[in-house]
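The values are calculated or read from the model by the stated rules, or taken from the named source; none is laboratory data. Just so it is clear, the structure is predicted and the values come from calculations on it, not from any experiment. Cβ sites come from the backbone with ideal geometry, for glycine too, and all protein chains shown count toward neighbours. The protein model used for the area step is the full one, side chains on, heavy atoms only, and it has no ligands, DNA or RNA in it. Shrake-Rupley method; radii C 1.70, N 1.55, O 1.52, S 1.80 Å.
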Amino acid sequence: MIRVVLPAHLRTLAKVDGEVALEVEGELTQRRILDALESRYPTLRGTIRDQQTEKRRAFIRFFACGEDLSHDAPDAPLPDAVARGAEPFLVVGAMAGG
């Protein structure tokens, strides 16, 4: 079971409280997590990544095991601790402003 933490506005949109637990088949990657998340919560389609290009939306970041994974390739393997469920995959709304 993969643990995913969403920012408050996406939890509200998906109507979930706290972490989301997902079953992900095959090698664990950002793409597979996001595919499973959007499949289970269709209201999230297009909010985290563009539906056409599948590129991460501006002001959305991905973290796991204390590392910023936002610029990693979508099909790069994620840390083993995330695959085991020991650490969550974090979807974070980035801050902007001055």
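Considering the stretch 13-34, and only residues there that are assigned to a helix (DSSP H, G or I) and open to solvent by 20 Å² or more (accessible area, probe 1.4 Å), the residue that is nearest to Met1 (Cα to Cα) turns out to be Arg32. Annotation note: Cβ proximity below 6 Å between a residue of the stretch 68-87 that is open to solvent by 60 Å² or more (accessible area, probe 1.4 Å) and a residue that is in a helix (DSSP H, G or I) (sequence gap 6+ or interchain) occurs for Asp75/Arg31; Glu87/Ala81. In this structure, does Gly93 turn out to be surrounded by 14 or more Cβ atoms within 10 Å (Cβ to Cβ) and at pLDDT below 95? Yes; evaluated as a whole, the condition is true for this residue. In the stretch 49-62, the qualifying residues are those that are surrounded by 15 or more Cβ atoms within 10 Å (Cβ to Cβ) and under 17 Å from Arg11 (Cα atoms), and the one that is nearest to the chain's Cα centre (by Cα) is Phe62.
So that you can scan it fast, the table gives a plain yes or no per residue for (1) modelled with pLDDT under 95; (2) touching a Lys or Arg at 6+ places or on another chain (Cβ under 8 Å); (3) not in a strand (DSSP E or B):
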residue	(1), (2), (3)
Ala36	no, no, yes
Ser39	no, no, yes
Gln52	yes, no, yes
Ala58	yes, no, yes
Phe62	no, yes, no
Asp72	no, no, yes
Asp75	no, yes, yes
